[in-house]
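To keep things clear, I will list the structure first and then write my remarks on it.
What follows draws every value from the coordinates through simple rules; no lab data is involved. If you're wondering where the values come from, they're calculated on a predicted model, not measured in any experiment. Methodologically, a virtual Cβ is constructed for each residue, glycine included, from the backbone with ideal geometry; neighbour enumeration extends over all protein chains shown.
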Amino acid sequence: MRVLERFGAGTIAFLEYLGGIVSLIGESIRSLVHAQIRYAETFTQSYELGLGSLLIVLLTSLFTGMVISLESAQQAVQFGIGSLVGGAVTYTSVRELGPMLTAVVVAGRVGSAIAAEIGSMVVTEQIDALRSMGLSPVRFLVVPRLLALAIMLPLLTIFADIISIVGGMWIAQAYAHINPETFISSARQAVGFEDVVKGLVKALVFACIIAFVGCYQGLSTRGGAAGVGRATTSAVVISIILIFGTNFIMSYLLFGTH
Amino acid sequence: MDASSIYARLDDVTLSFGEHVILKNCSLDIVRGAITCIVGLSGAGKSTILRLLDGLIEPSSGHVYVDGHDLCHTPERKLVELRQKTSLAFQFAALLDSLTIGENVGLPLREHTALPDEKIRHIVDDALESVGLRHVYDSLPNELSGGMLKRAGFARAIVTRPELVLYDEPTTGLDPIVTNLITDTILRLRQKLDGTAVVISHDLHSIFRMADYVAMLFEGAIIAYGPREEIRTSTNPFVQQFLTGSEVGPIPV
Ligand SMILES: Nc1ncnc2c1ncn2[C@@H]1O[C@H](COP(=O)(O)OP(=O)(O)O)[C@@H](O)[C@H]1O
Ligand SMILES: [Mg+2]
């Protein structure tokens, strides 16, 4: 009985959450369709979150490219197929790790900041003040952040792809004496332009996840400063889980049918 | 009292959050062109009444009317329009902390009108002047004291010249001099706007200076209501206890 009750309450909470997110998405789309966009705010947000995340995105992808190269070069040279290392590094970077790692880093850095900022606006009644003035918090706060992420996350992903390939190339040469020309020609064979585009489509979807989850957790903050802390944590946890889940589904849909 | 003299009305409003009943069959008339003060213990539901009148929340049952419009079961788009007639001055001002004071006060004008920037600047300066604030246009909210913030909040509330201004505890936590200043400001603004005001206050001195009507909220309902003098001389034991601040009486301490 107890278990059933718990299960029921859990289901209701989940459906409520889903309904909340869906209505947030709906209102954002309506705002976008009516071109009710605050351009200055969107620009500021893009600039801040792009520049703020750039260094950490570059560092994480540099080391990731390096470690993939290290692992695969070791094996490849043993089996006499060192010329395939470039393909391996580029393939994993462009299709999987570039978009994913960038999204996870940005979820931790930007998604949490969005939830914290909007959450503290809720507990200090700033959101109520907006509504009281007849201004929509979605148009005012959510849409600029959504657009900023949708622009910047694919851009950051491109940087991540490049730096991870460069890092991989460097390690391949330094560690397994695979020269850059071999590395690049192998990369070209393994990965086409459409793989890059598909990777960026992933980044765009991840951007929406981070923006909507961060804003939703912020807007549904209850209970003072402690509530803001909870909103921030759950924004990061929920978006990272969703990013991993959707990444699998998208890999299956985009790449799995080859 | 005929209908046209009532600007806003709570009609048999019940409101609960989960199991917790905040207002129970609560009715209250807000007289047009007058200042109505609402008094009551902390947590009695006074702020909740202002939020109902501003259309920020809906009652569980009953109706809320403002200027003849029923705010309940009204789509958000229509509410946005109706809210332009009403302003809520929040207890802690609730200015957006990413904007300067001037930008905060000018925000409703920039968003809802097509006025040119210089004109808005002029109106904002005027509004800040009328609450006794000068040289704060470019300050950020966290650079101002509590009393200054509250007055900046008033400036934002009145900048659109609303018909109804709702003040949530405008004088709570302020020193007697600023309290007086704010009481004067509310009186002056009501005259300037020629509108209606509802003020929540604990400060008896300022209540009896500015109120035309006083309503007392207790356990989710209005238990006393009337013109200022009637309340001052009321024999209602609740009112008596509240006015004298006595620990002995029907209100449990
Ligand atoms: N959004 C809410 N959810 C749950 N309880 C609330 C909410 N808003 C107010 N309350 C409760 O309603 C009661 C009245 O609150 P309020 O109207 O702010 O009182 P006050 O008279 O001090 O202004 C309080 O007990 C408060 O805890
Ligand atoms: Mg209150």
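Of note:
- Residues whose placed amide H lies under 5 Å from that of B:Ile22, excluding near-sequence neighbours: B:Leu15, B:Ser16, B:Phe17
- Here the residues B:Val131, B:Val198, ranked from fewest to most Cβ neighbours within 10 Å of their Cβ, fall in the order B:Val131, B:Val198.
- Residue-by-residue Karplus 3J(HN,Hα) for the range B:94-109, coefficients 6.51, -1.76, 1.60, Hz, glycine and proline x: 6, 6, 6, 7, 8, 10, 6, 4, x, 5, 4, 5, x, 3, x, 6
- 3J(HN,Hα) from dihedral phi, the range A:188-203, Karplus parametrisation 6.51/-1.76/1.60, rounded to Hz, x for glycine, proline: 4, 5, 7, 10, x, 4, 5, 5, 4, 4, 4, x, 6, 4, 4, 4
- Counted by Cβ distance under 12 Å from B:Val136, the other residues give a net charge of -3, where Lys and Arg count +1 and Asp and Glu count -1.
- The amide H of B:Ser27, built 1.01 Å from its N in the peptide plane, has B:Asp12, B:Val13, B:Ile222 as neighbours under 5 Å, considering only residues 5 or more places off or on other chains.
- Computed over the range A:106-258: relative contact order in percent, which uses C-alpha pairs under 8 Å that are six or more apart: 45 percent
- For B:Leu144, no residue 5 or more places off, or on another chain, has a built amide H under 5 Å of its own.
- Note on the range B:124-152 and the range B:81-119: Cα centroid distance 13 Å, given to the nearest whole angstrom.
- With neighbours defined as other Cβ atoms within 10 Å of a residue's Cβ, the residues B:Ser130, A:Ser23 order from fewest to most as A:Ser23, B:Ser130.
- Once you reduce the range A:176-211 and the range A:34-94 to the center of their Cα atoms, the two points are 9 Å from each other.
- Note on the protein assembly as shown: the alpha carbon radius of gyration divided by the globular reference 2.2 N^0.38 Å gives 1.25.
- Potential lengthening between B:Lys78 and B:Glu229 on full extension [0.36 nm per residue; Cα-Cα distance subtracted]: 50.5 nm
- Couplings 3J(HN,Hα) of the range A:71-88, computed from phi: 5, 6, 5, 3, 5, 4, 5, 4, 8, x, 10, x, 6, 8, 4, x, x, 4 Hz, in residue order, whole Hz [Karplus 6.51 cos²θ - 1.76 cosθ + 1.60, θ = phi - 60°; x for Gly and Pro].
- Using all pairs of distinct alpha-carbon atoms, the Kirkwood hydrodynamic radius of the range A:37-253 works out to 18.3 angstrom.
- Exposure proxy ranking, count of Cβ atoms within 10 Å, fewest first, for B:Phe90, A:Phe244: A:Phe244, B:Phe90
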